[in-house]
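Engineer: Following this message is one structure expressed as structure tokens.
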Amino acid sequence: MKQYIRVIPVVWKNIMKMESSTSAVKKSIIEGQAEIRVSSEKVFYNPVQEFNRDLSIAVLSVFIDDYKSEKIARNKKKSQEGVQNDNIEEIPVTILEALSATGLRSIRYAKEVPNVTKIIANDLSEQAVETIKDNVIYNGVDNLIETSHDDACMLMYKHKSPTKRFAAIDLDPYGCPSIFLDSAVQSVQDGGLLLVTATDMAVLAGNSPETCYVKYGAVSLKTKCCHEMALRILLQSIEHHANRYSRYIEPMLSISADFYLRVFVRVHSGAIHCKKTTSKLSMVYQCVGCDNLTLQPLGGFKPNPTEKNPGQMKSCLPTVPPVGEFCVHCNQRHHLGGPIWSAPIHNAEFVSRVLHYVEDNCHRFGTSKRITGVLSVVLEELQDVPLYYILDKLFGRVHLETMPMLKLRSAILNAGYQVSFSHASKLSIKTTAPAQFLWDAIRTWEKTHPIKPAKLEADLAAKFILSQDIKSTVDLTERPDANPVSRKNGALRFQFNPAPYWGPGSRASINVGEGKMSKAVRNQNKKGKKQEKREHSPRSEDESRKKQHVDDTLVQ
């Protein structure tokens with residue numbers, strides 16, 4: 001006798017059925033074209049990451065076309081006849097999912113990503129591998145998916161040889177991915193794709209800078225643009241591992257969403273290109289007073305013309321420091337963080353093609369509206385401007401009423417600078433305008449929206465900022481182009497908390513159904529519950545009577 005219980009979360013429309021029998025209880029989860037059956041609560045599944053999986057499928061679908069075309073062109077160039085390998089189907093495409101858990105992602109890749117030759121679904125847990133095998137057979141993709149029970153790093157080290165490397169490697173660990181990066185950058189094909197997820201946002205966002213350095217080789221800062229800085233710390237970590245083997249990365253798409261980061265980077269070989277890495281990395285000076293950020297590149301290039309090569313460039317070391325002992329805006333000191341990746345974190349042309357692919361196949365993705373909205377904002381981002389400001393924090397720093405977003409964007413555009421949102425924050429301001437202009441705009445706003453004198457006297461940094469002369473011409477007249485196209489079209493740009501208990505969940509669990517996060521719920525306010533329990537226990541009552549007797553004796 002089978003019983004079916006249908007559970008539809010608000011956002012994802014996943015379907016989960018309960019199959020009860022005399023031996024075990026099985027849960028069936030449908031996502032995309034895949035359906036997985038799980039008989040144990042000790043296999044990890046989180047429905048919140050359907051967006052992650054949908055986006056990965058779209059990116060892989062576009063990437064594989066590029067990968068095959070490039071391989072064919074390269075083979076033709078090497079071939080004397082210029083005819084070999086002109087059939088796109090003859091280029092093998094092998095994908096490794098190093099941490100497969102239920103096998104859902106691999107099954108979706110097999111069913112939804114075209115032109116895939118083979119997928120290896122690996123997991124360290126023997127129980128998980130058995131679940132993967134059952135799900136692969138159940139979905140009829142055993143001709144494409146090969147299961148593996150191995151340590152992820154060791155499996156990738158076994159594929160270091162150029163003839164055994166993977167076209168794409170997907171790393172979606174629980175927490176920090178850094179322990180897998182050394183083996184991953186060695187076992188991916190030249191021009192191959194790394195898909196990396198990081199869920200330890202507290203470390204990357206500045207809550208534990210020393211731990212961030214241990215894991216990623218960079219000091220994180222607790223700043224308002226922490227989500228983009230986290231992306232840039234992860235990218236520099238991948239680049240650092242790749243450089244050891246004369247390889248370097250090309251970020252194709254870097255996303256901060258919900259509780260995690262997801263980056264898609266191509267890995268290329270070439271020792272001469274690795275020398276450019278220092279010009280792509282920067283240290284970050286953060287003012288402790290106004291939170292202004294100043295980047296200091298680790299290296300750069302200057303013209304070095306010769307007769308044979310007039311356009312030749314030569315690497316050089318920049319002069320330091322870029323800031324004085326005290327911040328020019330608020331007269332406070334600085335913290336030092338980094339290094340971070342300061343080059344572009346997206347490939348706009350590639351992102352545009354992924355966006356068109358999703359729009360053309362929107363019926364295939366349960367989160368197509370969100371993907372379309374996020375990628376639209378990504379395409380509008382200023383690619384050469386690292387990090388961003390937060391609107392309400394800028395004005396909150398000097399205790400002013402917040403200026404409307406479109407008015408500030410208009411002021412920036414009226415001054416001849418560029419401005420955009422960042423996909424990482426709804427109130428972000430990414431701009432080419434210097435910090436001096438932004439503070440001048442705030443000082444101009446203060447003329448018509450004055451601060452209370454008591455607040456100004458209590459905050460020396462705010463008093464210093466607002467006491468400075470306005471050096472820029474600030475025009476607050478609103479203009480139509482200050483409103484970006486994605487905002488005009490009402491795109492789903494920034495996702496609110498999609499469901500209760502939507503975070504990363506506990507390790508190795510199915511984060512759906514009535515029992516999800518029960519441990520977290522059970523532990524809420526546990527200290528208060530323990531105290532209340534002690535107060536009402538018989539022993540506590542006896543102790544209270546004894547204490548009262550002692551108190552009465554002392555009073556007498």
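Engineer: Given a 1.4 angstrom probe, I'd like the percentage of the accessible area of region 357-397 that is carbon and sulfur, rounded to a whole number.
Structural biologist: Looking at region 357-397 in its full context, I get 51 percent from C and S.
Engineer: Taking θ = phi - 60°, what integer Hz values does the Karplus form 6.51 cos²θ - 1.76 cosθ + 1.60 yield along region 245-260, in sequence order, with x for Gly and Pro?
Structural biologist: Karplus values, whole Hz, x for Gly and Pro: 10, 6, 10, 8, 10, 10, x, 9, 7, 10, 10, 10, 9, 6, 10, 9.
Engineer: May I ask you to give the average projected area over all directions of the convex hull of the Cα atoms of region 280-434, in nm² rounded to one decimal?
Structural biologist: That works out to 13.4 nm², a quarter of the Cα hull's surface.
Engineer: Heads up, I need the accessible area for F350: 1.4 angstrom probe, whole protein in place, Å², nearest 10.
Structural biologist: 0
Engineer: From the backbone phi of region 433-442, what are the Karplus-calculated ³J(HN,Hα) couplings (6.51 cos²θ - 1.76 cosθ + 1.60, θ = phi - 60°) in whole Hz, Gly and Pro given as x?
Structural biologist: Taking θ as phi minus 60°, the curve returns 5, x, 4, 4, 5, 4, 5, 5, 5, 5 Hz for region 433-442.
Engineer: On a 1.4 Å probe surface of the protein chains, which of C225, C316, C362 comes out largest in accessible area, and what is the full order?
Structural biologist: So, going from the largest accessible area down, we get C362, C316, C225.
Engineer: So, by mean Cβ neighbours within 10 angstrom, what's the order for 48-55, 287-294, 134-141 with the highest one leading?
Structural biologist: Per-residue mean Cβ counts within 10 Å order the peptides as 48-55, 287-294, 134-141.
Engineer: Another question, then. Could you order peptides 113-119, 168-174, 446-452, 435-441 by the average number of other Cβ atoms within 10 Å of their residues, highest first?
Structural biologist: Highest-to-lowest ranking by the protection proxy: 168-174, 435-441, 113-119, 446-452.
Engineer: Find the Rg to Rh ratio for region 251-318, where Rh is the Kirkwood radius over alpha-carbon pairs and Rg uses the same atoms.
Structural biologist: A ratio of 1.12.
Engineer: Specify the inter-centroid distance of region 409-425 and region 279-298, based on alpha-carbon positions, in whole Å.
Structural biologist: 20
Engineer: If you take the Cα atoms of region 180-318, find Rg, then find the Kirkwood Rh from the mean of 1/r over all pairs, what is Rg/Rh?
Structural biologist: Radius of gyration relative to Kirkwood radius: 1.02.
The values are calculated or read from the model by the stated rules, or taken from the named source; none is laboratory data. Given the structure is predicted, the values throughout are model-derived calculations rather than measurements. Using ideal geometry, Cβ is built from the backbone for each residue, glycine included, and neighbour counts are taken over all protein chains shown. Please note that ligands, DNA and RNA were not included when accessible areas were found on the heavy atoms of the full protein model with its side chains. Shrake-Rupley method; radii C 1.70, N 1.55, O 1.52, S 1.80 Å.
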